[in-house]
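Below: one structure, written as structure tokens.
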């Protein structure tokens, strides 16, 4: 983890310190709402750095998510703002999850004829391949700038990636998996816009406009 990647963690810790310094019995819930919003907005910047250590944890696959069903029945959910793919069995039960190198941008998902899960990133110009449980399957492929790929199409299209020597199988787009109650505990990470709303509502109610001005300044003794 680099120094730049530590900045979001430092911001979250600073927000937590500020809430602790200014929390009262009357504004406790609003402080909590504000802090959850900060975590939700900053989370996508540092959560992928934890890599395989979070493979057991199911994140909310609700918003900004594309879900496909492979020919063998396995379900894959691509959570765009978290740079994450999650695998489910044919009944929708969570199996595992892993992160892709999408640099926080749009990425497409597909399944190759070998059964590998492919992820094509618009921001990193990379095509990654994984096994069904998220292990690297083959060498990453660079996507040339002149490759005609519609990155707003949610799923990878066979004709667009054929020039790269890639053969994709048919994957059906299906509804997102129903999140269990335990997954909804991570509600700040459902959508970055929701996180912004939590920051605004919680911050204004807990600290007011003056408090927002103070929180942007480094702590003074």
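The values are calculated or read from the model by the stated rules, or taken from the named source; none is laboratory data. This is a predicted model, so every value here is computed, not measured. With ideal geometry, Cβ positions are generated from the backbone for all residues, glycine too; neighbour counts draw on all protein chains shown.
Observations on the model:
- Among the candidates 175, 144, 179, residue that is assigned to a loop (DSSP other than H, G, I, E, B), in contact (Cβ under 8 Å) with a residue 60 or more places away in the chain and farther than 24 Å from residue 52 by Cβ: 175
- When 189, 209, 184 are checked against the criterion of being farther than 14 Å from residue 109 by Cβ, touching a helix residue (DSSP H, G or I) at 6+ places or on another chain (Cβ under 8 Å) and modelled with pLDDT under 90, 189 stands alone in meeting it.
- Among the candidates 164, 204, 189, the residue that is touching a residue at least 12 places away in the same chain (Cβ under 8 Å), more than 19 Å from residue 71 (Cα to Cα) and more than 25 Å from the chain's Cα centre (by Cα) is uniquely 164.
- Only listed residue being outside any loop (DSSP other than H, G, I, E, B) and either in contact with a helix residue (DSSP H, G or I) (Cβ under 9 Å, 6 or more places away or on another chain) or over 19 Å from residue 108 (Cβ atoms) (or both), chosen from 68, 85, 47: 47
- Selection over region 165-181 of residues that are surrounded by 14 or more Cβ atoms within 10 Å (Cβ to Cβ) and either in contact with a strand residue (DSSP E or B) (Cβ under 6 Å, 6 or more places away or on another chain) or modelled with pLDDT of 90 or more (or both) gives a count of 7.
- Failed item in (1) surrounded by 15 or more Cβ atoms within 10 Å (Cβ to Cβ); (2) over 10 Å from the mean Cα position of the chain (by Cα); (3) in contact (Cβ under 8 Å) with a residue 40 or more places away in the chain, with residue 52 passing the rest: (1)
- Taking (1) touching a strand residue (DSSP E or B) at 6+ places or on another chain (Cβ under 9 Å); (2) part of a loop (DSSP other than H, G, I, E, B) in turn, residue 162 satisfies each apart from (2).
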